[in-house]
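Enquirer: After the structure tokens below, expect a handful of questions from me.
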Amino acid sequence: MAKILDKFYNIMGLGDEYEEVEERVVKEPEKNNFSAKNTQERPERQIGAPVLSLASERQKKDHKVVVVDPKSFEEAQSIADHLKSKRQVILNLEKSDREMAQRIIDFVSGTTYALNGSMQKVGAHIFVFAPSHVDISGDILAESTLIRPRVWASKG
């Protein structure tokens, strides 16, 4: 190894100025601060063991959004079931008559309140209902862009 260093120093122009100094490294014995009892209880790590996902199947189901376009009031029960299953619901009432739409909104908003969820109107006839673990933030409809519902306003 000394010859390689000599060649290197000669190429760099350091030549004879280099003195080889031999250093000795003394290893100190390592102190074991752990008791034998603790090391025996610890299981050996398996190499190649499968990595498990931290998200459970239930958590994956929580992130579903259900879009519902109800044709009758009887579908309000299934909407409430989606909310109980911690799924977000987008409710489209554009094709519903005024009376049925109002009954569905009353039923689903009551369910949402009972489940500590939240509700937001995002269109003239479109509502978002979210369970308690989902936060709806922001004002989607500004007062200047609010479209008055034709079906609800014309019948009365």
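The values are calculated or read from the model by the stated rules, or taken from the named source; none is laboratory data. Bear in mind the structure is a predicted one, so any value in this text is a computation, not a measurement. Please note: Cβ atoms are built from the backbone with ideal geometry, for glycine as well, and neighbour counts cover all protein chains shown.
Enquirer: All but one of (1) of a type in the set (A, V, I, L, M); (2) modelled with pLDDT of 90 or more; (3) not in a helix (DSSP H, G or I) hold for VAL134; state the number of the condition that does not hold.
Expert: Going through (1) of a type in the set (A, V, I, L, M); (2) modelled with pLDDT of 90 or more; (3) not in a helix (DSSP H, G or I) one by one, VAL134 breaks only (2).
Enquirer: Against the definition (basic (Lys, Arg), within 30 Å of ALA114 (Cβ to Cβ) and modelled with pLDDT of 65 or more), how does ARG58 come out, yes or no?
Expert: So ARG58 fails the test.
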